[in-house]
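Coordinate-derived values only; no laboratory data. A quick note: this is a predicted structure, and the numbers were derived from the prediction, not measured. Using ideal geometry, Cβ is built from the backbone for each residue, glycine included, and neighbour counts are taken over all protein chains shown.
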Amino acid sequence: MHQHPHTSRRKGGRLAGLTAALAVVVGLTTLSGPGAHAADNPYERGPAPTESSIEALRGPYAVSDISVSSLSVTGFGGGTIYYPTSTADGTFGAIAVSPGFTAYESSIAWLGPRLASQGFVVFTIDTRTTLDQPDSRGEQLLAALDYLTQRSAVRGRVDSSRLGVMGHSMGGGGTLEAAKDRPSLQAAIPLTPWNLDKTWPEVRTPTLIFGADGDTIAPVSSHAEPLYTGLPSSLDRAYLELNGASHFTPNSSNTTIAKYSISWLKRFIDNDTRYEQFLCPLPRPSLTIEESRGNCPHTS
């Protein structure tokens, strides 16, 4: 647990950032809010977050979507791209999301507009077959990101250096596979993941794992928890176990999954330390969280 050493540094950094932003505003009266932030962090998108803003069904950005036919792509099964409609803020980080064993894109579709409205391009995908295993799903997540950044109609809206992956069940296992294979990924979020491989010393991507206390398909004791402990202890990592939840809880709109996923993606894809307050200190057990573990994110 690293939260205490970082508390004072984080506050100092915020004060220094605020002073710098004020200096910019005072010195250049024509510069308004977003420009002042951009001088400090060019990847910062959207207004300062609050508890209610990260729990909201929709964030500050209007969202459009594009359907991608499986016939027009290689390496994965097509899907839907959700993206902020406005181009006023420049490019955005992007996330590909995989469904689980026997499931289709529809099972994780709620994450598309929920995350995109917070300032990301989100690609919810179908896999080539519903029976694909985690290693294949990891490859398909990467193929989807490559399509998104190189060939898609919205490639000009995506910052190809700031990408992440998410997935449910075997798609969550595939999320770890993708992070292992592509260390440049900035964030990984496995949702009630399933993977027979429990050791992940190669992963360098900040990883947030969600487990469910009532999961009988991928019980946390044999999947989510050992997958978490199998990550390097020095990694920015966290484990949140949902209370009163099942293996399929990530398949429908869920405020707890959304608020911490948004915070994780903002913190590590956008380098936005404004969201660290929701991740550190770790959330306490509650009606929605059974337990939490993790290293508080570094502010450097």
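Taking amide H atoms as placed 1.01 Å from N in the peptide plane, list the residues 5 or more away in sequence, or in a different chain, whose amide H sits under 5 Å from that of Thr124.
Sorted by chain and number, the residues that satisfy this are Thr80, Tyr82, Val97.
Using 0.36 nm times the number of residues separating Ser52 and Glu202, minus their current alpha carbon distance, what extension gain do you get?
Additional length available on full extension: 50.4 nm.
Taking every DSSP beta bridge with both residues inside the chain, roughly what % is antiparallel (nearest 5)?
40 percent
Residue-wise, which Karplus ³J(HN,Hα) couplings in Hz belong to segment 270-278, taking 6.51 cos²θ - 1.76 cosθ + 1.60, θ = phi - 60°, and x for glycine or proline?
Along segment 270-278, the couplings run 9, 6, 9, 6, 4, 8, 5, 4, 8 Hz.
Under a plain spin-label model, where a point goes 7 Å from the Cα along Cα-to-Cβ, how far apart in nm are Ser70 and Thr130?
About 1.1 nm, to one decimal.
Over segment 125-227, what per residue volume does the convex hull of the Cα atoms give, in whole Å³?
Measuring per residue, one finds 95 Å³ for the Cα hull of segment 125-227.
Given N residues in segment 181-300, what is its alpha carbon radius of gyration divided by 2.2 N^0.38 Å?
Ratio of Rg to 2.2 N^0.38 Å for segment 181-300: 0.99.
Could you pull out every residue, at least 5 positions away or on a different chain, whose amide H is within less than 5 Å of the one on Glu290? Hs are placed 1.01 Å off N in the peptide plane, and Pro or chain starts have none.
It is Glu241, Leu242, Asn243, by chain and number.
Using helices alone, what [θ] at 222 nm do you get for the chain, with -39,500 (n - 2.57) per DSSP H run of 4 or more residues, divided over all residues and rounded to the nearest 500?
The helix contribution divided over the chain gives -9500 deg cm²/dmol.
Expressed in nm to one decimal, what extension gain is obtained for the pair Ser161 and Arg293 from 0.36 nm per residue of sequence separation less their Cα-Cα distance?
44.7 nm
Mind listing the Cα extents of segment 54-120 along all three principal axes, in Å, largest one first?
Extents along the principal axes, in whole Å: 34, 26, 16.
Mind putting a number on the dipole of segment 51-294 about its Cα centre? Charges go on the C-beta only, +1 for Lys and Arg and -1 for Asp and Glu, and I need it in Debye to the nearest 20.
Dipole of segment 51-294, to the nearest 20 debye: 460 debye.
Can you tally the lysine pairs in the chain where the Cα-Cα distance is under 26 Å and the two residues are eight or more apart, or on different chains?
5
Test of understanding: extend the Cα→C-beta vector of Thr102 to 7 Å, then name every residue of segment 141-175 with backbone N under 15 Å from that spot.
Under cut-off, by backbone N: 169-171.
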